[in-house]
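Structure record follows, encoded as structure tokens.
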Amino acid sequence: MSNTTAAALERPTTGPGSGFGVYNMKLGMWVFLLSEVMFFTALIGAYIILRFTNPGHFAEPGVVLNVPLTAANTFILICSSVTMVKAFAEIEAGNQRGLRMYLAATALLGILFLGVQAYEYSKLVHEGFVPAAEFYAALGRDGAGAVEGGPLYGATFYTMTGFHGAHVTIGVLCLLFTTVMAFRGRYTAANHGGVEIMGLYWHFVDLVWIILFTIVYLI
Amino acid sequence: MESVNLTADAGHKGPSYFLVFIILGVLTLVEVAVAFIAALPDTLLILILLGLAVWKALLVALYYMHLRFEPAKLWWMVMAPLPLGLILVGIVLIEGW
């Protein structure tokens, strides 16, 4: 493939008949994200019905799950969203240094989020809260003593947070790639579709976590 | 293929990214406080927590994903499937009860 052809394929375009006033790559990402909305809606819908029709399987909020730790992790993800959008703003202004700095910061915050989630999982498993078992017998927090329940709590918790964690992992890998491309000077003020597409995905992951945090940890 | 100048919509007006960040952080603190401090009836508590979560999600979508500044056609395309999500959850709830 010649350099000219490659550049033409990478260039953000509206394309003939895209009809939405945005370039095709961005439209494609939005369509993908809408399919993701349906995916997570199905997970959340299933969780809601299982939760409220089988209350004996689930513990009260904060008894088994470590809410302060996860609230801090939520804040980390929110921080990563602001660094991501700042990266986009920097390259819009043509600031390569700012783009690189904020992209790297976003990737690091994503890795930190995953690290905290891995720590949370290991603590929960160590305390007896496992994803697949006939019942769980976990240590309750704040003097709640031992807590017992059915298998649905662990199954739904690890399914929902696990799928989200997988999305964050994919996002971090893409962020690292985007960061490397940024250090190679791939993006400019006039051509930074890759950063915008990356940002859309990353903000969506943040948005989903905001909903999951409330439904899984606080309700 | 015709190239598009991505800086064309860069001049949009709205809250600064940092201000949105502050609001998101404060709303997260309020959520945790409401969930564990406020002595509220369960139904009211759930409605408040869901309302705060939707508020935060909207802030991310509108300002960080720039949905507020996108063309109307794209905005409608994004909004169109959301009722389907509500229908999906509604049917699951009806089936369960």
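The values are calculated or read from the model by the stated rules, or taken from the named source; none is laboratory data. Owing to the predicted nature of the structure, the values given are computational and were not obtained by experimental measurement. Note that each Cβ is placed from the backbone with ideal geometry, even for glycine, and that neighbours are counted across all protein chains shown.
Among the residues of the stretch B:39-60, are any of a type outside the set (A, V, I, L, M), closer than 30 Å to A:F20 by Cα and without any contact (Cβ under 8 Å) to a residue 60 or more places away in the chain? Spell out how you get there, then give the answer.
First, the residues of the stretch B:39-60 that are of a type outside the set (A, V, I, L, M): B:41-43, B:51, B:55-56.
The next check asks that each one be closer than 30 Å to A:F20 by Cα; those that pass are B:55-56.
Applying the additional criterion that residues be without any contact (Cβ under 8 Å) to a residue 60 or more places away in the chain yields B:55-56.
So far as the stretch B:39-60 goes, yes, one or more of its residues are of a type outside the set (A, V, I, L, M), closer than 30 Å to A:F20 by Cα and without any contact (Cβ under 8 Å) to a residue 60 or more places away in the chain.
When the stretch A:179-194 is examined, which residues are found to be within 9 Å of chain B (Cβ to nearest Cβ) and surrounded by 19 or more Cβ atoms within 10 Å (Cβ to Cβ)? Before the answer, list the steps.
First, pick out the residues of the stretch A:179-194 that are within 9 Å of chain B (Cβ to nearest Cβ): A:189-193.
Scanning the stretch A:179-194 gives A:H192, A:G193.
How many residues are buried (at least 19 other Cβ atoms within 10 Å of the Cβ) and modelled with pLDDT under 90 when one looks only at the stretch A:136-165?
6
Go through the stretch B:54-76 and count every residue that is touching a helix residue (DSSP H, G or I) at 6+ places or on another chain (Cβ under 7 Å), facing chain A (nearest Cβ under 7 Å) and in a helix (DSSP H, G or I). If you could, list the steps in order and put the result at the bottom.
Filtering the stretch B:54-76 down to residues touching a helix residue (DSSP H, G or I) at 6+ places or on another chain (Cβ under 7 Å) leaves B:55-57, B:59-65, B:67-69, B:74-75.
Retained after the next criterion (residues that are facing chain A (nearest Cβ under 7 Å)): B:56-57, B:60-61, B:64-65, B:74.
Adding the requirement that they be in a helix (DSSP H, G or I) leaves B:56-57, B:60-61, B:64, B:74.
Of the residues in the stretch B:54-76, 6 are touching a helix residue (DSSP H, G or I) at 6+ places or on another chain (Cβ under 7 Å), facing chain A (nearest Cβ under 7 Å) and in a helix (DSSP H, G or I).
Scan the stretch A:202-219 and report the pairs whose first residue is at the interface with chain B (Cβ under 8 Å from one of its Cβ atoms) and whose second residue is surrounded by fewer than 23 Cβ atoms within 10 Å (Cβ to Cβ) and aromatic (F, W, Y), with Cβ atoms within less than 9 Å and a gap of 6+ or a chain change.
A:I211/A:F40; A:I215/A:Y47; A:L218/B:F36
Can you tell me which residue is farthest from B:V30 (Cα to Cα) among those in the stretch A:49-77 that are among the β-branched types (V, I, T) and outside any helix (DSSP H, G or I)? Talk me through it step by step, then tell me what you get.
Narrowing the stretch A:49-77 to residues among the β-branched types (V, I, T): A:49, A:53, A:63-64, A:67, A:70, A:74, A:76.
Subset that is outside any helix (DSSP H, G or I): A:63-64.
Values: A:V63: 19, A:V64: 21 Å.
Applying the filter and picking the extreme gives A:V64.
Going through the stretch A:30-76 one residue at a time, which ones are facing another protein chain (nearest Cβ under 10 Å), of a type in the set (A, V, I, L, M) and touching a residue at least 24 places away in the same chain (Cβ under 8 Å)?
A:L33, A:I44, A:A46, A:I48, A:L50, A:V67, A:A71, A:A72
Filtering the stretch B:1-51 down to residues that are of a type in the set (A, V, I, L, M) and outside any helix (DSSP H, G or I), which residue is modelled with the lowest pLDDT? Even if it seems obvious, please write down each step before you answer.
Start the filter on the stretch B:1-51 by keeping residues that are of a type in the set (A, V, I, L, M), which leaves B:1, B:4, B:6, B:8, B:10, B:19-20, B:22-24, B:26-27, B:29-30, B:32-35, B:37-40, B:44-50.
Retained after the next criterion (residues that are outside any helix (DSSP H, G or I)): B:1, B:4, B:10, B:37-40.
Numbers: B:M1: 35, B:V4: 39, B:A10: 45, B:I37: 78, B:A38: 68, B:A39: 78, B:L40: 82.
Looking at residues that are of a type in the set (A, V, I, L, M) and outside any helix (DSSP H, G or I), I get B:M1.
Please specify each residue of the stretch A:17-29 satisfying the condition of being facing chain B (nearest Cβ under 8 Å) and without any contact (Cβ under 8 Å) to a residue 60 or more places away in the chain. Give the steps one after another, and end with the answer.
First, pick out the residues of the stretch A:17-29 that are facing chain B (nearest Cβ under 8 Å): A:19-23, A:27.
Listed by number, the residues that qualify are A:G19, A:F20, A:G21, A:V22, A:L27.
For the stretch A:161-178: of the residues being among the hydroxyl-bearing types (S, T, Y) and under 10 Å from the mean Cα position of the chain (by Cα), which is nearest to the other protein chains (Cβ to nearest Cβ)? Full working, then the answer.
Filtering the stretch A:161-178 down to residues among the hydroxyl-bearing types (S, T, Y) leaves A:161, A:169, A:178.
From the residues that got through so far, the ones that are under 10 Å from the mean Cα position of the chain (by Cα) too are A:161, A:169.
Working: A:T161: 16, A:T169: 20 Å.
It comes out as A:T161.
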